[in-house]
1. Is it the case, given these coordinates, that residue 198 is over 28 Å from residue 10 (Cβ atoms), without any contact (Cβ under 8 Å) to a residue 12 or more places away in the chain and not small (Gly, Ala, Ser)?
2. Wholly within the range 337-451, which helices (runs of 4 or more DSSP H) include no fewer than the required count, namely at least 3 residues that are outside the structural domain of residue 154 (by TED's automatic domain parsing) and either within 29 Å of residue 65 (Cα to Cα) or modelled with pLDDT of 95 or more (or both)?
3. Looking only at the range 227-272, which residues are among the hydrophobic types (A, V, I, L, M, F, W, C), in a helix (DSSP H, G or I) and crowded, with 17+ Cβ neighbours inside 10 Å?
4. Taking the condition of being in a loop (DSSP other than H, G, I, E, B), of a type outside the set (Phe, Trp, Tyr) and surrounded by 22 or more Cβ atoms within 10 Å (Cβ to Cβ), how many residues in the range 318-329 meet it?
5. So for the range 268-275 (the condition being charged (D, E, K, R) and in contact with a strand residue (DSSP E or B) (Cβ under 6 Å, 6 or more places away or on another chain)), does at least one residue qualify?
6. What is the number of the single condition among (1) buried (at least 22 other Cβ atoms within 10 Å of the Cβ); (2) over 21 Å from the mean Cα position of the chain (by Cα); (3) not hydrophobic (A, V, I, L, M, F, W, C) that residue 285 does not meet?
7. Pairs under 6 Å by beta carbon, first residue of a type in the set (A, V, I, L, M, F, W, C) in the range 353-370, partner in a helix (DSSP H, G or I) and buried (at least 20 other Cβ atoms within 10 Å of the Cβ), six or more apart or different chains?
8. Evaluate the following for residue 55: is it touching a strand residue (DSSP E or B) at 6+ places or on another chain (Cβ under 6 Å) and either more than 28 Å from residue 251 (Cβ to Cβ) or in contact (Cβ under 8 Å) with a residue 60 or more places away in the chain (or both)?
Amino acid sequence: MTQEKVIIVGGGVVSILTAILYAQKKHDVTIIEKEKNLGGLLSSFTAETGATFDYGTHIPGKTGITELDNILFGNQHQEEENYYRSDYLKSENFFNGEWFKTSPLINTASLPQDLYNQGIIELLTSTGSDEEQHLHSYLTGHFGETLTNHVYKPVIQKLLGEAPDNLSIEVLRTFGLQRLIGLTNEDTIELKKIPKYDSRLGYHSYTQGSPSNYYLYPKGANGIGQWVNDLLAKAEELGVKIMHSTSVIEIHHENNVLNSVSTSEGSSIDCNQLIWSIATPLAYKCANIPFPKTGSPPKFRTTVLAHMQFDRPLEKNFPQYLLCWDPDFLSYRITLYPNISPDSERNRMNNLTVEILTSAEKASDIDTLKETIYGELKQLQVISESANITYDKIQVIKNTFPVLTPEFIESASNLSDKLEESVKGIKVIGRASGKAFFINDLLSQAYKRFA
């Protein structure tokens, strides 16, 4: 086998996996990452108080591909030694002023009785097409006007700042909103035997219908970042080189065949494979390739991660995470670290991370954000009224979450395909490829492509 010289741009977990797969075949592999540390949002930090916070709110799960899972988590003995196991993610959700404590799915029974009755009738009698790609038409065709207007519309407006009219149905899968809670649990179980209703109604408990593959979280005090560190150690053992705090500024090619890249450090590196995992438009610019016309420019939401620690135990002492769908609240997803790890020392840290999707303008006022989140945590009874903040860090990641229009979904995939066609040797992976969004899907795609 001819040894390839492989450059991987971006140091997220999919890039590290790809580096391992190439290195296992004895290729020369270098990861180039613009930040000081690798991992992206699958990273962690430890505050001066000793509490560890994750930059991303991810609890990875097994993929079901044995060889891939062995790379990601080790063999059975290593997995048991290094990870806590959860057979399902324990969650609650808040909507219309009420907690539903056994599922992340929205409970339609929290609506006023007349709206609930009408909504359920429409859900049961709607005859929409599964081929519909535009969100508003899909929702009204499958759930009816009542649930579209009184559940989906306000929730989606909160998350993406847009009404469903101009969005893709990928919004539902991205946020786990494909199904709603309605009727009794017994009626739901019977109706879900019919495919039409199975796609609309969710079980009343996260313990029902859970995926067969379980979830894993690193033991110890280093959070999800330990997973990335372990993978990075595997890559380096295989000879993968890491360039930190460095960017690719030019991609050189001749007769549409890749030959080298130039970096921000002033070096030129020969390569015949370039694996690109960051924003695709930047690759077009670096390669001096005309950027295809894609219609209206995409819109993005800003992500806010509010890391907080308190002087009293959290009031929610069972769920691993909470989803606040209620449009009257800014908070969206809340990760409760003491409930993820049974480690007694971590349990005493009383720490959590609140994730928010909002506009860049609203995210600019850090003091107001902190005050709002602190107040909402009390209103939601996640913390007690007497709880005081002992540590906080508000992280604002501007324009990071795309508003998922049909045009954006199609454009992201087309851009990566066109780039790979334009320069032989470039391959696009991760979310930049436009082929998947969830971490397990992205890891599985990379494994199938490069193993």
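1. Against the criterion (over 28 Å from residue 10 (Cβ atoms), without any contact (Cβ under 8 Å) to a residue 12 or more places away in the chain and not small (Gly, Ala, Ser)), residue 198 qualifies.
2. 337-340, 366-379, 406-422, 439-450
3. 227, 228, 231, 232, 235
4. 3
5. yes
6. (1)
7. From the range 353-370, the pairs are 354/373; 357/159.
8. Working: touching a strand residue (DSSP E or B) at 6+ places or on another chain (Cβ under 6 Å): no; either more than 28 Å from residue 251 (Cβ to Cβ) or in contact (Cβ under 8 Å) with a residue 60 or more places away in the chain (or both): yes.
Judged against the criteria, residue 55 is not a match.
The values are calculated or read from the model by the stated rules, or taken from the named source; none is laboratory data. All of these numbers come straight from a predicted model, not from anything done at the bench. Cβ atoms come from the backbone with ideal geometry, glycine included; neighbour counts cover every protein chain shown.
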